[in-house]
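The values are calculated or read from the model by the stated rules, or taken from the named source; none is laboratory data. These figures come from a predicted structure and were not determined experimentally. Reconstructed Cβ throughout: ideal geometry from the backbone, glycine too, with neighbour counts over all protein chains shown.
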Amino acid sequence: MQNKIHRNLIPSVYQNPLGIQFELTYKCNQKCIHCYNQSNDLEHNDVSQELSLNEWKNIARQVVNMHVFQCVISGGEPTLLGDKLFEIMDILAESDVRFIVISNGMLLNEEMVRRFKKYKYSWFQISIDGSRDYLHDYIRGAKSFEKALEAANLIKEAGIPLVIAHSVMKSNKDYLEEMIDMAFLLGAEKIITGPLALWDGQ
């Protein structure tokens, strides 16, 4: 415990909120069959009602004043915000916050990863829902398997702690061992799954 405190992996005291999650946008470039907030579903989500950049930056300043230890950055797909995402993260970084970024990896490239590299992380999470392209692409509603692998490699090569998120459901449950092996080969620190969902839209 003391070693983790010394390495700034966990806070020494808990006088302030330990963590917060910024769901920055409903927008997403995938249409996952298991999405919990119906991202990219304009029938249920009115993106015109999303907070503006200035509103998010104001919230970020309040978080800085509270000295929150960790912030989860998610969406939707947060990288769709482009430069706006980094403006928000820059404010949070003023208080030495540690980030968890949740991404599908489709927009990650070398330039973007270089920009991500300057922050402190608990981990950077890439979602991969199948050890084979047809499994992943079916669950994610987009042809994105190769991009997810490329994104995971870029994050690992940049020295950012990599975690693979994997949703287990009817269509991929028999490939879990294969998926764990793939996460290991990608250099992930761990693979995380949610509750088993035996229904997957079929």
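Within the option set GLU146, GLU157, GLU178, GLU110, being within 24 Å of ILE33 (Cβ to Cβ), exposed (fewer than 15 other Cβ atoms within 10 Å of the Cβ), touching a helix residue (DSSP H, G or I) at 6+ places or on another chain (Cβ under 9 Å) and not hydrophobic (A, V, I, L, M, F, W, C) holds for one residue only, GLU146.
Kindly indicate whether ALA151 is buried (at least 18 other Cβ atoms within 10 Å of the Cβ) and in contact with a strand residue (DSSP E or B) (Cβ under 6 Å, 6 or more places away or on another chain). It is true that ALA151 is buried (at least 18 other Cβ atoms within 10 Å of the Cβ) and in contact with a strand residue (DSSP E or B) (Cβ under 6 Å, 6 or more places away or on another chain). Pairing residues of segment 53-80 that are in contact (Cβ under 8 Å) with a residue 24 or more places away in the chain and closer than 15 Å to GLU94 by Cα with residues that are surrounded by fewer than 16 Cβ atoms within 10 Å (Cβ to Cβ) and not aliphatic (A, V, I, L, M), at Cβ distances under 6 Å and at least 6 apart in sequence or on separate chains, gives VAL64/GLU94; MET66/ASN16; MET66/PRO17; HIS67/ASN16; VAL68/PRO17; GLN70/GLY19. Residues in segment 3-39 that are β-branched (Val, Ile, Thr), within 22 Å of HIS136 (Cβ to Cβ) and at pLDDT below 70: none.
If the condition is being more than 18 Å from the chain's Cα centre (by Cα) and not in a helix (DSSP H, G or I), then segment 126-141 contributes SER131, ARG132. Annotation: of all residues in segment 59-81 being at pLDDT 95 or above and in contact with a helix residue (DSSP H, G or I) (Cβ under 9 Å, 6 or more places away or on another chain), the one that is farthest from ALA165 (Cα to Cα) is ARG61.
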